[in-house]
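Engineer: Handing you a structure now.
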Amino acid sequence: MASLAHLSADGAAAPLPSKPGVSQGVKTLIIVLCVVVGLFGFVGTMAFVFVLDKPDEPRWEKARSDMAQIHQALNRYSLDNAGAYPASLSALTSKYFPNGVPHDPFTKTVYTYRLTPGGFELVCLGKDQAVGGKEKPNIDIVFDQAGEVVP
């Protein structure tokens, strides 16, 4: 038994010195850090689910905004040209869109534009490129000479 204990000056056995352990403060710090890292992970997951997982909705909003600008340019063109609308959107390039007419963010081509008896129709079919659609980003966006046509 003497081999497991130190001998004191009087020859009696003394207990072994205890190993230095992790203090309560360090344990608390580790727990707090784990909770913080867990919260960051949770917030990151939620950001992905609600924002990054729906990349096409901002494209739909961009298409709608671009088409509103094109609508304004078409109406200004009409005012400048005795009420006539251009045969194609490329006629807007020099005066109204010096950097080029905005393109459909889904197809990367110009928006569908056609003249009608009363004016014009400007169309984006959304992500699915099919007529109709019940929710963003598949809802069609349509403008005519009066503004956005809401289904």
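Engineer: I'd like to compare 141-147, 39-45, 119-125: which one has the highest average count of other Cβ atoms within 10 Å, and what's the full order after that? Mind showing how you got there, number by number?
Structural biologist: Numbers: 141-147: 16.7, 39-45: 10.1, 119-125: 19.6.
Result, highest mean Cβ count within 10 Å first: 119-125, 141-147, 39-45.
Engineer: Each label point is 7 Å from the Cα along the Cα-to-Cβ direction; what then is the distance between the points at HIS103 and GLU121, in nm?
Structural biologist: Each label point lies 7 Å from its Cα, and together they span 2.5 nm.
Engineer: Stokes-Einstein at 10 °C, 1.306 mPa s, Kirkwood radius from Cα pairs: D for region 43-151 in µm² s⁻¹? It would help to have the intermediate numbers written out before the result.
Structural biologist: Values: Rh = 14.9 Å.
Using the Kirkwood radius from Cα pairs, D works out to 107 µm²/s.
Engineer: To make sure I understand the rule: partners must be lysines, Cα under 18 Å from the Cα of LYS127, and not fewer than 8 residues away in the same chain. Which ones qualify?
Structural biologist: LYS54, LYS62, LYS108, LYS136
Engineer: Please list, or write none, the aspartates and glutamates whose alpha carbon is within less than 12 Å of the alpha carbon of LYS95, excluding same-chain residues fewer than 8 places away.
Structural biologist: The qualifying aspartates and glutamates are ASP80.
Engineer: Under 18 Å Cα to Cα from LYS134, which aspartates and glutamates show up? Leave out anything in the same chain fewer than 8 places away.
Structural biologist: ASP56, GLU57, GLU61, GLU148
Engineer: Just the projected area, averaged over all directions, of the convex hull on the alpha carbon atoms of region 54-109: how many nm²? Don't skip to the answer; put the middle values down first.
Structural biologist: Details: hull surface 15.7 nm².
Approximately 3.9 nm², given one-decimal rounding.
Engineer: Give the calculated FRET efficiency between ALA82 and THR112 to the nearest 0.05, with a Förster radius of 22 Å applied to their Cβ-Cβ distance.
Structural biologist: Numbers: r = 25 Å, r/R0 = 1.15.
With a Förster radius of 22 Å, E is 0.30.
Engineer: What does the highest-first list of 96-107, 63-74 look like by mean Cβ count within 10 Å? Don't skip to the end; give the middle numbers.
Structural biologist: Details: 96-107: 15.0, 63-74: 17.9.
Packing proxy ranking, top to bottom: 63-74, 96-107.
Engineer: For the pair GLN129 and ARG64, how long in nm is the line joining their label points, each one 7 Å along Cα→Cβ?
Structural biologist: For the pair GLN129/ARG64, the computed spacing is 2.3 nm.
Engineer: If you take the beta carbon distance between LEU33 and ASN75 as r and set R0 to 41 Å, what does 1/(1 + (r/R0)^6) give as a FRET efficiency, to the nearest 0.05?
Structural biologist: Values: r = 60 Å, r/R0 = 1.45.
So the FRET efficiency works out to roughly 0.10.
No lab work stands behind these numbers, since they all come straight from the coordinates. In this text, all values refer to a predicted model and were calculated from it rather than measured experimentally. Don't worry about glycine lacking a Cβ; one is built from the backbone with ideal geometry, like all the others, and counts go over all protein chains shown.
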